[in-house]
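Comments concern the structure below.
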Amino acid sequence: MEKWKDDYLYLMTDDTGILQHSKYTIPDPRYGYTTDDNARALLLAILLVKEWPHKNYHKLLYRYTSFLLNAQTQQGEFKNFMSYERHWLEEKGSEDCQGRCAWAICTAITHPAVPNGIKAALSIMLDALFPNIMSLTSLRAKAYAIIGLANLQDLASQKLIRVLGKSLLEEFNRASSRNWQWFEDTLTYSNSILPWAMFAAYKVTRKPAFLTVAENSLVFLLEKVFVKNYLQPIGCNGWLKKGGVAAEFDQQPIEACEMILTLQEAFNITHKNFYLEKAKKCYAWYEGENSEHCCLTDSITGGCFDGITPNGVNGNLGAESQISYGIAYFTMMNLDGINSNSQNIR
């Protein structure tokens, strides 16, 4: 593994939060910020503080949490898009945004590396968000919420996980068939979080049906994205419809990251080395083991390029890509047992 560099994360983060896009290696203020990215960035900041508490990463925890605090409405929901001038561009973000915020908030509340003052603020945000989680209809929003809530120990969260997990189970039973072990009739974005959510729901409830669907759907997904001996995420330029052919481009870094996180959960629950080996292959996607044999990381800034296109690497380095690569890096550090000392960062 290449040594982690935090240069680009700091370059993309200003006193508001992390910017959404870049033009090549230059942060592009014209597109402002998103709550999605700042929620993900909070997850990355937690990992940074955990691995290297001697470095000044706590400021990032405060910065990204402050962004979420500003994004939440009086109804407890989160706005998503903000201009560079700090004007909100919508009254309410997508359901997926609500789910991602639940994931980040619940993770931070329960993580020992997060200061108590931040946890207290996030707990208030979660209390306001909680009623809205119950009304989610998006499959991925539900999945992100389950993943987050699984970190908590209270009865209300456990009850909600049962309800959300049951709804995903019902969707799987409706859409799946012998040759299509999936929750809907297409494979689109952030696919792996659906089986991940079922693993998380099983971890909390110990309901066998949740584990069965988790494993069946994950194995099915792996068959679709490992046609050869390397990861090839479903391209966002066409996706994969039931009975069709998977789009090859554009492959995006977040898919490799979330697949690694899913495989980590699967390995932790089942102890099957098969999942660990696949996680290593997913990380290798960033380093050049992919359909185009191209490295997705920038050796100068430490950033991650925005994906693989028909013309090669997308030369932009947006927030989602950088955060995804960082989370993938630290997850693999733990899975590989890499010694997390100061020599791993520069």
Candidates Ile26, Ile18, filtered to the one that is among the aliphatic types (A, V, I, L, M), at pLDDT 95 or above and over 24 Å from Glu258 (Cβ atoms): Ile26
All positions within the stretch 296-306 that are of a type outside the set (Ser, Thr, Tyr), part of a loop (DSSP other than H, G, I, E, B) and surrounded by 15 or more Cβ atoms within 10 Å (Cβ to Cβ): Leu296, Asp298, Gly302, Gly303, Phe305, Asp306
Leu335 vs. criteria among the aliphatic types (A, V, I, L, M), modelled with pLDDT of 95 or more, in contact with a Lys or Arg (Cβ under 8 Å, 6 or more places away or on another chain) and within 23 Å of Leu218 (Cβ to Cβ): no
Residue within the stretch 51-63 that is in contact with a strand residue (DSSP E or B) (Cβ under 7 Å, 6 or more places away or on another chain), surrounded by fewer than 19 Cβ atoms within 10 Å (Cβ to Cβ) and farther than 26 Å from Cys282 by Cβ present: no
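If I filter the stretch 104-115 for residues that are surrounded by fewer than 16 Cβ atoms within 10 Å (Cβ to Cβ), part of a helix (DSSP H, G or I) and at negative phi, do I get at least one hit?
The initial filter retains those residues of the stretch 104-115 that are surrounded by fewer than 16 Cβ atoms within 10 Å (Cβ to Cβ), namely 110, 112, 115.
Filter once more, keeping what is part of a helix (DSSP H, G or I): 110.
From the residues that got through so far, the ones that are at negative phi too are 110.
Yes, because at least one residue in the stretch 104-115 is surrounded by fewer than 16 Cβ atoms within 10 Å (Cβ to Cβ), part of a helix (DSSP H, G or I) and at negative phi.
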Any chance Gly326 is in contact with a helix residue (DSSP H, G or I) (Cβ under 9 Å, 6 or more places away or on another chain), surrounded by 23 or more Cβ atoms within 10 Å (Cβ to Cβ) and more than 21 Å from Cys236 (Cα to Cα): yes
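Does Gly244 count as free of Cβ contacts under 8 Å to residues at least 12 places away in the same chain, more than 25 Å from Ser321 (Cβ to Cβ), out of contact with any Gly (no Cβ under 7 Å at 6 or more places or on another chain) and not in a helix (DSSP H, G or I)? Spell out how you get there, then give the answer.
On the way: free of Cβ contacts under 8 Å to residues at least 12 places away in the same chain: yes; more than 25 Å from Ser321 (Cβ to Cβ): yes; out of contact with any Gly (no Cβ under 7 Å at 6 or more places or on another chain): yes; not in a helix (DSSP H, G or I): yes.
In short, yes.
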Whichever residue in the stretch 243-288 is acidic (Asp, Glu) and within 19 Å of Val219 (Cβ to Cβ) and, among such residues, is surrounded by the fewest Cβ atoms within 10 Å (Cβ to Cβ): Glu277
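Among the candidates Arg140, Arg63, single out the residue that is out of contact with any helix residue (DSSP H, G or I) (no Cβ under 6 Å at 6 or more places or on another chain) and under 22 Å from Gln322 (Cα atoms). Show your work before the answer.
Values: Arg140 fails: out of contact with any helix residue (DSSP H, G or I) (no Cβ under 6 Å at 6 or more places or on another chain).
Only one candidate passes the filter, namely Arg63.
May I ask you to list the residues in the stretch 89-115 that are more than 16 Å from the chain's Cα centre (by Cα) and either over 19 Å from Ala41 (Cα atoms) or of a type in the set (Gly, Ala, Ser) (or both)?
Filtering the stretch 89-115 down to residues more than 16 Å from the chain's Cα centre (by Cα) leaves 89-93, 109-115.
Leu89, Glu90, Glu91, Lys92, Gly93, Ala113 - these are the residues of the stretch 89-115 that are more than 16 Å from the chain's Cα centre (by Cα) and either over 19 Å from Ala41 (Cα atoms) or of a type in the set (Gly, Ala, Ser) (or both).
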Index of the failed condition, Thr16 passing every other in (1) hydroxyl-bearing (Ser, Thr, Tyr); (2) within 22 Å of Thr301 (Cβ to Cβ); (3) not in a loop (DSSP other than H, G, I, E, B): (3)
Members of the stretch 119-134 found to be aliphatic (A, V, I, L, M), surrounded by fewer than 20 Cβ atoms within 10 Å (Cβ to Cβ) and part of a helix (DSSP H, G or I), listed by number: Ala120, Ala121, Ile124, Ala128
Among residues of the stretch 44-62, those that are of a type outside the set (Ser, Thr, Tyr), assigned to a helix (DSSP H, G or I) and in contact (Cβ under 8 Å) with a residue 24 or more places away in the chain, counted: 10
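To keep it simple, each residue is scored yes or no on (1) within 23 Å of Pro115 (Cα to Cα); (2) modelled with pLDDT of 95 or more; (3) among the polar types (S, T, N, Q).
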residue: Asn38; (1), (2), (3): yes, yes, yes
residue: Ile46; (1), (2), (3): yes, yes, no
residue: Glu51; (1), (2), (3): yes, no, no
residue: Lys55; (1), (2), (3): yes, no, no
residue: Lys59; (1), (2), (3): yes, yes, no
residue: Tyr62; (1), (2), (3): yes, yes, no
residue: Leu68; (1), (2), (3): yes, yes, no
residue: Arg86; (1), (2), (3): no, yes, no
residue: Glu91; (1), (2), (3): no, yes, no
Any hit, the stretch 72-94, residues being part of a helix (DSSP H, G or I), closer than 15 Å to Leu126 by Cβ and not acidic (Asp, Glu): no
Qualifying residue in the stretch 307-317 (condition: among the hydroxyl-bearing types (Ser, Thr, Tyr) and in a loop (DSSP other than H, G, I, E, B)): no
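The values are calculated or read from the model by the stated rules, or taken from the named source; none is laboratory data. Since the structure is predicted, the reported quantities are computational estimates derived from the model, not experimental observations. Don't worry about glycine lacking a Cβ; one is built from the backbone with ideal geometry, like all the others, and counts go over all protein chains shown.
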